[in-house]
Amino acid sequence: MMATLTPSQEHAQKKRDIAQAQQEIQAAVQRTWPCFYEKPMKNEVGSDSCHKLSHLQIGMGVRALSLVCNLRGGSTGDIDLYQLIRAYFWDQDARRRINEIVAASLAPKH
């Protein structure tokens, strides 16, 4: 019988699991697109620092999303996730406007 973990132990285990998953995703992106790989930022990125992500780092994120969602690519047809994510991360005014559009789109229609 397994011992029950405390909330603190569960949290620590989840953090380890997430770190392992991040390493696996980064390895998959590096293996698939070695010429587009750049080492991720050392510290976790939040809204106050996402403007520091490089063009290549954002591209890696889009490629990872494309793999996970089985998209044909990050830029296909009328979809350009590369430009969308760059604008969202690098331009605070664009981020605010995009958030407004998303909120309006997802708001319940009366």
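Values quoted throughout were computed directly from the atomic coordinates according to the rules given, and no laboratory measurement underlies them. Because the structure is a prediction, the values reported are computed rather than measured. Virtual Cβ from ideal backbone geometry, glycine too; neighbours counted across all protein chains shown.
Details
- For region 1-50, the set of trypsin sites (Lys or Arg not before Pro) satisfying both a DSSP loop assignment and a count of at most 10 other C-beta atoms within 10 Å is given as K42.
- Note on T4 and E24: with the Förster distance fixed at 35 Å, the Cβ-Cβ geometry gives a FRET efficiency of about 0.80.
- Electrostatic bookkeeping for L71 treats Lys and Arg as +1 and Asp and Glu as -1; over the other residues with beta carbon under 15 Å from its beta carbon, the sum is 0.
- Put in line by how crowded their Cβ is, counting other Cβ atoms within 10 Å and starting with the fewest, F36, F89 read F36, F89.
- Under 10 Å, Cβ to Cβ, from Q57 - net charge with Lys/Arg +1 and Asp/Glu -1: +1
- Springs between Cα atoms under 10 Å define the GNM used for the chain, and in it the highest mean-square fluctuation of G74, G46, G61 occurs at G46.
- Put a dot 7 Å past the Cα of T32, heading toward its Cβ, do the same for W90, and the two dots end up 2.3 nm apart.
- Filtered GluC sites (Glu not before Pro), region 24-53: DSSP coil and at most 15 other beta carbons within 10 Å: E38, E44
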